[in-house]
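Beneath this line is the structure, given in structure tokens, with notes to follow.
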Amino acid sequence: MNQTVYRNIEVTPISGALGALVSGVELKDSLQEEVFAEIYKAFLDYKVIFFKDQDLNPETQLRFGRMFGQPIIYPFVKGLQDFPEITPILKKETDVNNFGGVWHSDTTYQQQPPKATMLYAVEVPEFGGDTEFSNQCMAFNHLSDGMQEFLSKQKIINTSGKGKVVASRSDVMKHSSARKEVDEFRAVHPVVRTHPETKEKALFINEAHSLQFSTLTLEESTPLLEFLFRHQIKSEFTCRFKWEKGSVAIWDNRCTLHNPINDYHGKRRLMHRITFSGDTPV
């Protein structure tokens, strides 16, 4: 996938499409600049990176997270009392829906969607609750030249109000709903965005938030979007991560989708999430 030589950390790919396990580092420590530089390079190279057996509290998670960027407040769920930038993602034993339980990139209904997301596993079930990720640069590259050309000229209307994702928030909002000024957010973005750092082209649509093409009707948009939603999560574009207590994942929202699997009914799962300020997609 890449030829980077890492001198301060160990990086082990977990699939041929994206994702790597980073080891040899304790995230609770104050990291040397050259160590973080390699972590960040792995993040760009593999699009999602994972750490295991980390011992973080909200303070150390936030300190490490700020090395990636400026944490932002999630609009629908209240953050921790003393650390509002950290969103608790809790599924209780009696909950039916899991938070964000559909393929998506985080909050693309915002004018400047987050650059990245960091998730720390506080409590996890013995089995179940894995998360899948999909490489959207690879998804774009595997479309025909004609489709690439067409999509590169299109914009997509994104909304926070699509039914599937609204349902997925319902249980976690019962536990810690945030007071928000509006019930629905909307934003229009390019269907194909250029990654501001790697300059790769990536599909920037997702089933959870993308509603219709800005120049087409909903009826015209739907068949093409349904094809693209299927295409962008093909198995050969994906990886899957099994969570353990103390696991950390950091993914690049600019070029990936993710899907938390809801297969642990009757079990409790608590994750601490930070999202990082992004830019306007172009």
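Throughout, read-outs are computed from the coordinates displayed, never taken from laboratory work. Predicted, not measured: the structure shown is a model, and the values here were computed from it. Cβ atoms come from the backbone with ideal geometry, glycine included; neighbour counts cover every protein chain shown.
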Item to check | ³J(HN,Hα), Karplus 6.51/-1.76/1.60, whole Hz, each residue of segment 238-247, x for Gly, Pro | outcome: 10, 9, 9, 10, 8, 7, 10, 4, x, 6
Item to check | Span-rule helices in the chain, defined as complete DSSP H runs reaching 15 Å or more along the axis (Cα) with Kyte mean at least 1.6 | outcome: none
Item to check | Karplus (6.51, -1.76, 1.60) ³J(HN,Hα), θ = phi - 60°, over segment 73-84, in Hz, Gly and Pro reported as x | outcome: 8, 6, x, 9, 10, 5, x, 4, 4, 9, 9, x
Checklist outcome for this item: Taking alpha-carbon centroids only, segment 1-75 lies from segment 100-131 a number of Å equal to 16 Å
Item to check | Length added when fully stretched, GLU197-MET147, from 0.36 nm per residue minus Cα-Cα | outcome: 15.6 nm
Checklist entry - From the backbone phi of segment 92-107, what are the Karplus-calculated ³J(HN,Hα) couplings (6.51 cos²θ - 1.76 cosθ + 1.60, θ = phi - 60°) in whole Hz, Gly and Pro given as x? => result 7, 4, 8, 6, 9, 8, 9, 4, x, x, 7, 4, 6, 10, 5, 6
Checklist entry - If you place +1 on the Cβ of every Lys and Arg and -1 on the Cβ of every Asp and Glu, how big does the dipole about the Cα centre of the chain come out, in debye to the nearest 20? => result 440 debye
Checklist outcome for this item: Long-range amide H partners of VAL191, meaning residues 5 or more apart or on another chain whose placed amide H is closer than 5 Å, are GLN154, LYS155, ILE156
Next on the checklist: Could you sort the peptides 129-140, 150-161 by per-residue average Cβ neighbour count (10 Å cutoff), highest mean leading?
Outcome noted: 129-140, 150-161
Checklist entry - Mind checking which lysines have their C-alpha under 28 Å from LYS92, skipping anything on the same chain fewer than 8 residues away? => result LYS28, LYS52, LYS78, LYS162, LYS164, LYS174, LYS180, LYS242, LYS245, LYS267
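Rounded to the nearest 500, what is the chain's calculated 222 nm mean residue ellipticity when only DSSP H runs of at least 4 contribute -39500 (n - 2.57) each, over all residues?
Working: 6 runs with 64 residues, N = 282.
Rounded to the nearest 500, it is -7000 deg cm²/dmol.
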Item to check | Amide H contacts of ASN97 (H built 1.01 Å from N, under 5 Å, at least 5 apart or other chain) | outcome: ASP171
Checklist entry - Going highest first, how would you order 228-237, 62-71, 3-12 by mean Cβ packing within 10 Å? => result 62-71, 228-237, 3-12
